[in-house]
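Report on the structure given below.
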Amino acid sequence: MAKDEPQKKSATLQAFFKPKPTQKKKAETPAVKRPSEDTSDATAAKKPKPAPVAQKAEPATNADGQWTGQVPYAAVAATFSRIEATTKRLEIQAIVCELLEQTIARAPNDLEAILFLLCNKVAPAFDNLEMGIGDSLLQKAIARAFGKEVKNVKSAYEREGDLGLVAEDARRKQKFLGFGSKPKPLQASQVLEAYRAICSISGSKSQDQKVGKMQKLMISATPCEAKYVTRGLQGKLRIGLAETSVLIAFAHALVRSPPVSSDLMETDEKLPSVTREITGAQASHALKIDASRGSTLGKKRLTKDERLIAAEAVVKQCYAEAPSYSTLCQGALTTPLWNLHTKCALGVGVPVFPMLAKPTKSVDEVLKRLSGKAFTCEHKYDGERFQAHLASDGSVRVFSRNLQDTTKKWPEVASVLREACVDTTTSFVLDAEVVAVDTSTGALLPFQRLSTRKKEVTEGESGGPAVIVLAFDLLLLNGESLLRNTLRERRTRLHASFKAVKNGFAFADSVDVDGDGDDVVAAEKIQQALEEAITAKSEGLMVKTLDDNATYEPSKRSLNWLKLKKDYLDGVGDSLDLVVVGAYTGRGKRTGVFGAYLCACLDAESGDLQSVCKIGTGFSDEDLKKFHNESQPLIIPKKAANVVCGDALEQDIVWLEPKMVWEVQVADLSLSDTHKGALGRVNAGRGIGLRFPRLLRARDDKAADQATTSDQVLELYLNQDSVKGTAQVDDDDDDGYL
Ligand SMILES: Nc1ncnc2c1ncn2[C@@H]1O[C@H](COP(=O)(O)OP(=O)(O)OP(=O)(O)O)[C@@H](O)[C@H]1O
């Protein structure tokens with residue numbers, strides 16, 4: 001593996017951090033020239049400007065001219081450029097690692113800003129502040145910043161298909177009149193602050209204010225910076241950098257340039273001492289070291305590769321439990337890596353990445369996976385994931401499956417949750433499903449009813465159907481994290497800490513199966529539980545281990561949680577959540593609306609969206625109208641750069657910005673020349689496509705980066721009876737979000 005090789009610093013990046021001659025440079029004369037072109041020109045980064053962010057350290061150029069205090073945005077743009085030039089995952093991670101190491105060494109206060117910029121985020125998901133400025137506002141800003149007509153910017157965009165390239169070109173060709181003061185080079189933290197300010201503006205004059213701020217940012221940018229600032233504001237960097245790669249690179253940077261030194265875990269003998277803690281356990285798992293051997297483990301010094309792998313596990317685990325770059329950076333800068341988990345632990349108010357389940361398609365398959373273990377079969381309710389937090393001051397916050405704060409959607413639930421607590425329950429983090437309920441009969445209603453609920457409901461207003469919270473897990477109780485307890489222990493605490501509230505709060509229905517019983521009896525129990533769940537209008541079962549491997553694994557799609565959906569028995573096992581990337585004009589009865597859409601899965605490594613089906617079935621007339629309208633603002637002049645599909649699919653297509661996610665049911669999956677799911681993974685040059693796809697519903701709770709991955713498509717393909725045995729099934733249990 002290349003992991004151990006000392007990394008060669010690129011000439012480009014080195015230039016930004018290179019010591020300069022001792023003689024201090026005179027202040028540049030204003031006005032005549034703008035910062036020099038492109039990232040290869042280090043002069044853009046030579047003169048730090050005063051910190052725009054009050055709490056940041058003062059920028060400084062010390063005696064020998066080295067950068068300290070702040071990372072120039074030019075260094076970030078140079079990193080993006082290098083990433084864009086390669087598709088190799090390890091190379092990308094090494095490039096990111098290089099920037100992070102330099103940041104740790106020279107501008108540690110900027111570490112958090114750099115992580116946000118690399119992931120193209122402005123804030124953690126639960127702050128509900130998202131990038132994604134509309135193209136027309138950006139076109140205005142580009143036109144104003146670089147002295148162009150909006151119509152020219154628009155037509156250049158139609159030609160190029162990438163507004164970033166349009167901005168880069170406009171900036172490069174800009175004629176400079178030679179008066180006015182020279183804009184100061186952009187600092188990374190300043191760019192992030194500007195993004196945050198732009199995304200937070202609302203109200204009547206918000207559009208003008210946004211354009212003004214974007215224009216200001218672009219005026220100070222070099223051509224390369226203008227490209228990435230534009231793409232950043234659009235919410236799509238298009239460089240194939242996944243958040244997982246950033247986390248891995250961050251872990252490597254902490255090993256290579258530790259901000260806080262420690263020899264803990266330098267040798268594997270130290271591992272068992274921390275295995276009681278989850279990060280140690282994750283690290284030993286990643287290293288395939290048997291933690292139960294305790295202190296008898298040898299004294300072999302861990303190789304560098306082993307340390308990198310262990311560090312990846314630690315960082316991913318910490319981020320899954322406390323998904324905040326602020327917490328992660330503060331922890332990493334003050335605590336040795338191997339103790340990071342003490343700083344990045346689950347707490348009330350910050351959502352944890354939810355644990356996910358693996359699909360299964362028969363009772364036999366469940367038994368094959370869980371035979372000999374005690375497990376429980378819970379109803380799989382047809383609603384929305386609901387993570388509720390109660391703080392000791394009585395305040396309640398609710399988070400969705402993708403960690404967004406949805407408290408305002410369920411104002412009536414806060415008092416229900418407080419009522420459901422027994423006297424001793426003062427704070428908690430609860431994992432549950434919220435489901436629409438008919439209050440006159442107590443019957444649960446299907447998801448379609450819940451989906452009519454408004455996004456924000458004011459107290460007392462009817463925001464849609466009444467809802468009930470069906471609790472299935474307790475992750476924190478009275479300040480104590482229960483993540484490392486078994487499900488049986490967590491469930492006991494859950495039942496002892498809450499009581500049912502009519503039509504408001506209940507525990508998930510479940511049937512337990514012993515681990516030491518007969519498989520035939522176990523199969524009968526599962527079958528019966530499944531039938532009961534279906535009668536009660538649930539989607540099927542969630543089957544979970546109770547004692548063995550039964551800790552809560554944030555963000556993991558775990559083999560210790562299996563979903564058995566009624567619609568997929570003996571089918572492919574699951575539906576797919578696909579990104580809509582294009583549309584086709586309807587004919588006949590569908591004249592005036594789009595008649596079919598092109599859908600893609602996500603290749604998590606490259607960020608590519610690989611087409612897997614053209615879908616035209618399962619749409620009601622209302623759906624067709626609704627999706628046609630929703631697609632209009634998403635129409636883009638060219639195929640998005642990361643979309644991969646066969647030429648035949650491009651005929652007569654209207655390209656859409658990849659934003660909408662739809663749940664699609666499928667009869668089976670097959671190899672395809674036109675579709676590109678998991679391209680080349682089964683057969684060189686061929687991808688996987690869906691046969692007989694049918695729309696189930698829009699997944700408004702999922703973003704494009706949470707769509708079904710190509711790994712999952714491959715797994716569903718390989719798991720089909722017709723394919724089994726002809727290829728190896730990948731049983732990796734580690735393919736959650738991170
Ligand atoms: N008893 C339960 N335990 C866990 N999850 C449940 C339960 N009942 C309902 N659910 C829901 O089922 C979801 C998992 O299955 P499903 O495949 O339907 O969801 P998804 O969001 O499309 O897929 P995934 O989360 O697996 O990517 C959970 O996220 C949760 O919202």
Report summary line: Per the C-alpha gyration tensor (a ≥ b ≥ c, the square roots of its eigenvalues), region 107-201 is rounded if a/c is under 1.5, else prolate if a/b beats b/c, else oblate; here it's oblate
Report summary line: With label points set 7 Å from each Cα along the Cα-to-Cβ direction at Glu459 and Asn629, the distance between them in nm comes to 3.3
Query raised in the report: Counting only residues 5 or more places away or on other chains, whose amide H sits under 5 Å from the amide H of Phe498 once H atoms are built in the peptide plane?
Result: Val422
Report task. Could you tell me the distance between the Cα centroids of region 616-689 and region 394-453, to the nearest Å? Result -> 34
Query - trypsin sites (Lys or Arg not before Pro) within region 137-207, DSSP loop, no more than 11 other Cβ atoms inside 10 Å - result: Lys175, Lys205
Report summary line: Taking 122-131, 713-722 and ranking on average Cβ neighbours within 10 Å, highest first, one gets 713-722, 122-131
Query raised in the report: Looking at this model, which pairs from Lys121/Lys316; Lys343/Lys702; Lys358/Lys659; Lys213/Lys639; Lys455/Lys537 are more than 27 angstrom apart at the alpha-carbon?
Result: Lys343/Lys702; Lys213/Lys639
Requested in this report: Could you please state, rounded to a whole Å, how far the C-alpha centre of region 555-590 is from the C-alpha centre of region 125-140?
Outcome: 28
Report task. Extending each Cα 7 Å along its Cβ direction at Thr334 and Glu91, get the distance between those two points in nm, one decimal. Result -> 4.0
Query raised in the report: In 10 Å bins starting at 0, how do the alpha-carbon pair distances of region 295-433 split up by percent?
Result: 10, 27, 28, 25, 10, 1
Report summary line: Expected vector for region 536-545, Karplus 3J(HN,Hα) from phi with 6.51, -1.76, 1.60 and θ = phi - 60°, integer Hz, x for Gly and Pro, equals 7, 6, 7, 7, x, 10, 10, 9, 10, 5
Report summary line: With x for Gly and Pro, the residue-by-residue ³J(HN,Hα) of region 587-592, computed from phi through the Karplus equation 6.51 cos²θ - 1.76 cosθ + 1.60 at θ = phi - 60° and given in whole Hz, is 10, x, 5, 9, 4, x
Report task. Work out how far the C-alpha atoms of region 403-448 reach from end to end along every principal axis, then list the three figures in whole Å, largest first. Result -> 34, 27, 17
Report task. Could you rank the peptides 69-82, 514-527 by their average count of other C-beta atoms within 10 Å per residue, with the highest value first? Result -> 69-82, 514-527
Query raised in the report: What are the residues whose amide H is under 5 Å from the amide H of Leu356, where those residues sit 5 or more places off or on another chain and H is modelled from the backbone?
Result: Ser555, Lys556, Arg557, Ser558
Query raised in the report: trypsin sites (Lys or Arg not before Pro), restricted to region 471-516: which are DSSP loop and have at most 15 other Cβ atoms within 10 Å?
Result: Arg484, Lys499, Lys502
Query raised in the report: Between Lys184 and Arg159, what length comes free when the chain is fully extended (0.36 nm per residue of separation minus the Cα-Cα distance, one decimal in nm)?
Result: 5.8 nm
Report task. Provide the gained length on full extension for the span Leu129 to Ser722, in nm with one decimal, where the gain is 0.36 nm per separating residue minus the Cα-Cα distance. Result -> 208.9 nm
**Report entry** Average Cα contact separation per residue, region 356-566, under 8 Å, 6 or more apart, as relative contact order %
**Finding:** 34
**Report entry** Prolate/oblate/rounded label for region 585-738 (Cα gyration tensor, a/c 1.5)
**Finding:** prolate
**Report entry** Percent of beta bridges antiparallel (DSSP, region 356-566, rounded to nearest 5)
**Finding:** 85
Report task. Using a cut-off of under 15 Å, list every residue of region 516-552 whose amide N is near the label point 7 Å from the Cα of Val422 along the Cα-to-beta-carbon line. Result -> none
Report task. Mind jotting down the distance between the C-alpha centroids of region 298-365 and region 168-245, whole Å? Result -> 33
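None of the figures in this text is laboratory data; all of them are computed from the coordinates on show. Being a predicted model, the structure only gives us computed values, none of them experimental. All Cβ positions, even for glycine, are placed from backbone atoms using ideal geometry, and neighbour counts span all protein chains on display.
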